[in-house]
Amino acid sequence: MVKIRVLIVRRIMCILYCWEEAFLDFLDRHNTKIQAVLHPLSMASLVSVIGFLFVYDMLYALPELTDTQGLWYKLHCLWSIFAVYSIFSNLWVCFWTDTSVQALPEYRRRPHREEAHLWHYCPNCEIMVPPRAWHCRLCKVCCLKRDHHCTFTANCIGHLNQRYFLVFLFYGTLGSFQSLIYNFMYVWRTGAFIVADPFLILSFGQPDRDPTIGSKVLASMVLKVNLVAAMAAGGMFISQLLMVYRNSTCFMMSDRTYDLGPMKNFRQVLGKRCLWTLLSVHINSPLPHDGTEWPMNKHTDV
Ligand SMILES: [Zn+2]
Ligand SMILES: [Zn+2]
């Protein structure tokens, strides 16, 4: 029985390995085409969803829930503009921040003698790269503390731009959940729950149908899109938060080698001014090091 289980596990591992190899091979062969389609598509869908929810909430959902001349509505408008600005400004800077090994000054692209054993060779770039730097098959460079390749920012998330990515996700999550609450209240108030079943859309054109069914179907569809967006943003934010908390990366989520404690871990990503970075992308928050020397926790053997 145990032997059969071992054989099954081996077989599954073998299949997964083959799929991974085929997938990586596919990435290598169609690198340019994938980027040309995937990145603009991801960016367009992100801008459309955020822009649509922003306008829809301001012009349709909120006016149904509160007085448009009142303080609450005005505060909401100000907050929403700030949240959308924070989302896109952080996304923009994240896109333009080069976190590759080439971003290092020339003299730091080679290891000091005492740290040479921690560096490794990248056969694709044909250079020695610092610890935690890995090669990206889409960007075709090695990135400092590479976390993952993001299709929304069209580049790799790593040591130099993770701050912007984390703040982008923070406001994305906050904004989408806030929108979800408003949309839920709007749908509840307008009674659009009853048209949640898409088959009811088929009642269009029938003479005895509810005259407001069009707006109800729209409201219920927006709520569903909003729900998916909030779940996606929230899921990504929580996983990033967990990795920053542990000072690990997407590929080694449970690795605690570089875990220096929550405060120090957050400073390694957000920099010296830590939570002040939430206020503006323009706040200068120097990182504790250049991304080549990674202090390990004292329980790790080198
Ligand atoms: Zn490389
Ligand atoms: Zn990449």
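The values are calculated or read from the model by the stated rules, or taken from the named source; none is laboratory data. Computed from a prediction, not measured in an experiment: that's the story for all the values here. Cβ coordinates were reconstructed from backbone atoms using ideal geometry, including for glycine residues, and neighbour counts include every protein chain displayed. Only protein heavy atoms, including side chains, enter the accessible area calculation; ligands, DNA and RNA are left aside. Shrake-Rupley method; radii C 1.70, N 1.55, O 1.52, S 1.80 Å.
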ask   = Using 13 Å as the cut-off for backbone N distance, which residues of region 79-113 belong to the label zone defined by a point 7 Å from the Cα of V47 along Cα→Cβ?
value = 88-89, 92
request  = Could you work out the relative contact order of region 44-278, using alpha carbon pairs under 8 angstrom and six or more residues apart, expressed as a whole percent?
outcome  = 18 percent
ask   = Along the positive direction of the dipole of region 44-278 (beta-carbon charges: Lys, Arg +1; Asp, Glu -1; about the Cα centre), which of T257, C274, C150 reaches farthest?
value = T257
ask   = Quick one: with all protein chains in place, what share of the accessible area of the chain is carbon or sulfur, to the nearest percent (1.4 Å probe)?
value = 69 percent
task = Could you tell me what fraction of 2.2 N^0.38 Å the Cα radius of gyration of the chain comes to, as a two-decimal ratio?
result = 1.24
request  = Would you mind estimating how fast region 17-156 diffuses translationally, via Stokes-Einstein at 4 °C and 1.567 mPa s with the Kirkwood radius over Cα pairs, in µm²/s?
outcome  = 70 µm²/s
key: Extended-chain gain in nm, criterion 0.36 nm per residue less alpha-carbon gap, A116 and W19   = 31.5 nm
task = List nothing, just return the count: lysine pairs in the chain, 8 or more apart or interchain, with Cα separation under 17 Å.
result = 5
At R0 = 22 Å, FRET efficiency that the Cβ-Cβ distance of T32 and F177 yields, to 0.05 = 0.05
